[in-house]
Amino acid sequence: MFRMVKRVHISKRKSMMIRLSSIFFALLLSSFFIGLMGHEPLKVYSSMLKGAFGSKYRMIETLKIAIPIIITSIGIMIAFKMKFWNIGGEGQILMGALFATYVALNFEYLPKAILLSAMFIAGFIGGGLWGLIPAFLKVKFDTNETIITLMLNYIAIKFITYLQYGPWKDPSAMGFPKIKAFSQGAVLPKVFGLHMGWIIAIIIVIIISILMKYSKWGYNIAIIGESKDTARYSGINIKRTVLFSLFVSGGICGIVGFIEASAVNQTLTPLLSSGYGFTAIITTWLSGLLPSIIIPVSILFAAMVKGGSFIQTAFQIPSSAANVLQSMILFFVIGSEFFIKYHLKYMGIKKGENL
Amino acid sequence: MEQIVFVETKKLTKTFGTVKANNQVDFDLIKGEIHAVLGENGAGKSTLMNMLSGLYKPDSGSIKIKNEEVSFSSPKDAIKKGIGMIHQHYKLVDVLSAKDNILIGKKGKFFLNKNKSFDSIKNIANQYGLPIHPDKKVSEMSIGEKQSVEIIKVLYSGADILILDEPTAVLTPQETKKLFEILRKMANNGCGIIIITHKLNEVMTISDRVTILRKGQTIDTVMTKETTPKELTDLMVGESTNLSIDRPIVKRGEEILKIKNLVAKNKDQVEVLKNISFSMHQGEILGVAGIANSGQKELCESIAGLYKIESGEILYHGENIVGHKPVDIIKSGISMSFIPEDRLGMGLAASMDMINNYLIKEHHNQNGIFLKRKPIEKKCEEMIERLDIQTPGIHHPVKELSGGNIQKVLIGREIDTQPSILVTAYAVRGLDINSAHRIYDLLNEQKKNNVAILFIGEDLDILLELCDRILVMCNGSITGIVKADETTKEDLGYMMTGNMEREGIFYV
């Protein structure tokens, strides 16, 4: 009766419409679920919004979550554009944080501006090296980058846990397994009430947007993503581009590690990445790999997280129920990708097929 | 003895887009015979077989199996009627044993009686002398053994009409001989066998009858005993088209590329280029004829620096470029456009616009971090004008253009790099006559500009009319280099199939 037909071309506006309507349907379906729990769906939704944007404080809290998601999304977007599935954002964030922490704890005497700059660079290098490993294995041995990047996440987590319990354990913490807190000189200052990670985020988005769109490097990445054969035939050095891009991709994730360690945690913990590396996969994908779209999508996503936790307390909804709402929206939005790629055609009564 | 007709098709037609892949094809298969289907690439052999095995549905015409009119809606229906297809690329699960592969998809009870199946598989294997052990894993098998498993698989499902799609393409001569013995045994036991091939000597050895297809139509069905390879070649390549192609007379320039004893191996360490030697001259179109996958692609990629070369030299202006980086080779003026079956996979970025596609070659010549797109826009506009490319504009994704226009973009871009050597493979693949002629004109213009052109083609008529010399490849070797105006299609056909009855002629 119905047949899937691949869309030849879809306008940006139409694909955006499909995505937006998917959110609408998600909310519609969630309404039944909320109703089932004995709450009024509209009330719940509006207080979700309130919880995320209701006051200046809440807005800042939401943005605090949005910043790492934005930067990580930009980082992995670079890899995704080459169809290199870097799902190792977590590990790259943690390694960036680790490198930045090393600088923070060992060069406390440096002036603040220099210390922070050094931490920034260290974070970039840490994340970059962690991204370079799967890239190297890929170009050298054609390993599966999905598995390798995923596994490297756990290695990073466990390595930091080891440092926390072992060599980097703070002796003055009365036996508590924690790494020493940063000195004030290693903490990112606030600008307009929010740590200056937001400025870093905006700068990164702008720079990467421009590079992706206008630079040779961005062009090579796009060609590799489009067709490896075409890239090969046109003489692009695929291996070098993959290696360099993954260093940058991981490096940008590493900057997130630096920001989170310096501004949010003011120390290093294995929990610091808070799943941003995974969340960013979703936001990157939803943004259609477009840097400019990553910002609003990430903020909306952060709002969903923040709003979700707000309704837990406001309506006494269990946290798992709030998670159901979030998952429902995600499920629909990701499912809508199918309708962007294909459209269903009513075929009428079965008769001579032509394919 | 009365003949039992197994398969009979009448006026079978199948259209893909605007291409008539099969046009009123009549074909029949008699019990106990081996029937070869012969034709060039794109003649419609596979389409016909896919209709018989239920993969495609004919647009019109009828198929009768054992005197019963059928209409398959899936391969399952065809299997039920006793038709078994053995594809060129085996469809086996590597990690499973032969037995499990044979039992896949078979109807049965919830639990399989594996011992019973084991015995019946063993029986079939013994009956035809197929040397396999049912418990051996497919991943541990040789190519010949895998083929045996495929054959047993269709026999086990009760098929008595077997279709083999180029079964010998990957076999050694010994394995081929063995296979033919088995096929003959099966035919004697009452099976009907269809074998698709373009190797003439095999047709002569194994088949009882031959049906020749050309451009989607049945040309003739002949008794193998009453024909000769020459007659078959004639039928296969057909008469020349009336639309003649220009071959401007250009004084042959100096030797610009010389290839000496080139050897290359693929991933499986099989030699794909065997001691290739030839030279290219300025102002000359050198054609390359050969059956698909005879080493054409590897040859192109070797010249472009994209294929690992085992030994031998490629001398460009006397300098060996083996081991040079692809970018440097492009910059030095060697351009390659290879048009694969799907046309867009290599050479173009499908969903990008013309400007970005133009940049694929151009960006190497730009310095600095950023790309300048403005000058390219102008060049693209000029190209649209000059080559009469039908497109809504330079910002339109190239994949949405028609085949001919896509090809124009590709070749136009290569020409714009002002190469001194132009390598083009299957440049007119899938194009209608007019678009194809536009491409020939373009190539001739380049020839007049003293460019050396390597033209890898499929259609022998075109090669003979367009090229100055033709190099014939067979199975990775050069079987002859001939002057186009002193050669006939038959000669080329002989050399292409590696038929060495006549000596390969080398005109250097």
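The values are calculated or read from the model by the stated rules, or taken from the named source; none is laboratory data. Model, not experiment: these values are computed from the prediction. All Cβ positions, even for glycine, are placed from backbone atoms using ideal geometry, and neighbour counts span all protein chains on display.
Evaluating residue B:347 against the criteria (1) surrounded by fewer than 22 Cβ atoms within 10 Å (Cβ to Cβ); (2) within 12 Å of chain A (Cβ to nearest Cβ); (3) at positive phi leaves one unmet condition, (1). The residue of segment B:281-315 that is farthest from residue B:459 (Cα to Cα), among those that are in a strand (DSSP E or B) and in contact with a helix residue (DSSP H, G or I) (Cβ under 8 Å, 6 or more places away or on another chain), is B:314.
Of all residues in segment B:185-206, exactly one satisfies the criterion of being touching a Lys or Arg at 6+ places or on another chain (Cβ under 6 Å) and among the aliphatic types (A, V, I, L, M), namely B:196. Filtering segment B:350-361 to residues that are facing chain A (nearest Cβ under 7 Å) and outside any helix (DSSP H, G or I) leaves B:350, B:351, B:352. Looking at segment B:141-154, can you tell me whether even one residue there is touching an Asp or Glu at 6+ places or on another chain (Cβ under 8 Å) and assigned by TED's automatic domain parsing to the domain that holds residue B:44? No, segment B:141-154 contains no residue that is touching an Asp or Glu at 6+ places or on another chain (Cβ under 8 Å) and assigned by TED's automatic domain parsing to the domain that holds residue B:44.
At least 3 residues being farther than 25 Å from residue B:149 by Cα and modelled with pLDDT of 85 or more is the threshold, and among the strands (runs of 3 or more DSSP E) wholly inside segment B:1-116 those reaching it are B:5-16, B:19-30, B:60-65, B:68-70. Evaluation of residue B:369 against the conditions (1) facing chain A (nearest Cβ under 8 Å); (2) under 28 Å from the mean Cα position of the chain (by Cα) shows that the sole unmet condition is (2).
Quick one: count up the residues across segment A:229-249 that are among the basic types (Lys, Arg) and within 9 Å of chain B (Cβ to nearest Cβ).
Looking only at segment A:229-249, we keep the residues that are among the basic types (Lys, Arg), and these are A:232, A:239-240.
Remaining after also requiring within 9 Å of chain B (Cβ to nearest Cβ): A:232.
Residues flagged as among the basic types (Lys, Arg) and within 9 Å of chain B (Cβ to nearest Cβ) within segment A:229-249 amount to 1.
I'd like to verify a number: residues in segment A:128-187 that are acidic (Asp, Glu) and crowded, with 16+ Cβ neighbours inside 10 Å, how many? Steps first, answer last, please.
At the first step, the residues of segment A:128-187 found to be acidic (Asp, Glu) are A:142, A:145, A:170.
After this cut, where a residue has to be crowded, with 16+ Cβ neighbours inside 10 Å as well, the list is A:145, A:170.
Matching residues across segment A:128-187 total 2.
Within segment A:221-230, can one find any residue that is in a helix (DSSP H, G or I), without any contact (Cβ under 8 Å) to a residue 60 or more places away in the chain and under 21 Å from residue A:290 (Cβ atoms)? Yes, the conditions are met somewhere in segment A:221-230.
Criterion first (on the phi < 0 side of the Ramachandran plot, exposed (fewer than 15 other Cβ atoms within 10 Å of the Cβ), within 13 Å of another protein chain (Cβ to nearest Cβ) and out of contact with any helix residue (DSSP H, G or I) (no Cβ under 7 Å at 6 or more places or on another chain)) does residue A:203 satisfy it?
Working: on the phi < 0 side of the Ramachandran plot: yes; exposed (fewer than 15 other Cβ atoms within 10 Å of the Cβ): yes; within 13 Å of another protein chain (Cβ to nearest Cβ): no; out of contact with any helix residue (DSSP H, G or I) (no Cβ under 7 Å at 6 or more places or on another chain): yes.
Spelling it out, it is not the case that residue A:203 is on the phi < 0 side of the Ramachandran plot, exposed (fewer than 15 other Cβ atoms within 10 Å of the Cβ), within 13 Å of another protein chain (Cβ to nearest Cβ) and out of contact with any helix residue (DSSP H, G or I) (no Cβ under 7 Å at 6 or more places or on another chain).
Listed conditions (1) surrounded by fewer than 24 Cβ atoms within 10 Å (Cβ to Cβ); (2) over 27 Å from residue A:322 (Cβ atoms) are all met by residue A:303, apart from (2). Taken together, the criteria exclude residue A:49 from residues that are of a type outside the set (D, E, K, R), farther than 21 Å from residue A:275 by Cβ and without any contact (Cβ under 8 Å) to a residue 12 or more places away in the chain. Just so you know, in segment A:209-219 the residues that are of a type outside the set (A, V, I, L, M) and more than 8 Å from chain B (Cβ to nearest Cβ) include one that is surrounded by the most Cβ atoms within 10 Å (Cβ to Cβ), and it is A:218.
Quick grid of which residues meet (1) within 30 Å of residue A:83 (Cα to Cα); (2) more than 14 Å from chain B (Cβ to nearest Cβ); (3) at pLDDT below 90; (4) in a helix (DSSP H, G or I):
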| position | (1), (2), (3), (4) |
| --- | --- |
| A:254 | yes, yes, no, yes |
| A:258 | yes, yes, no, yes |
| A:270 | yes, yes, no, no |
| A:294 | yes, yes, no, yes |
| A:299 | yes, yes, no, yes |
| A:314 | no, yes, yes, yes |
| A:335 | yes, yes, yes, yes |
| A:338 | yes, yes, yes, yes |
| A:353 | no, no, yes, no |
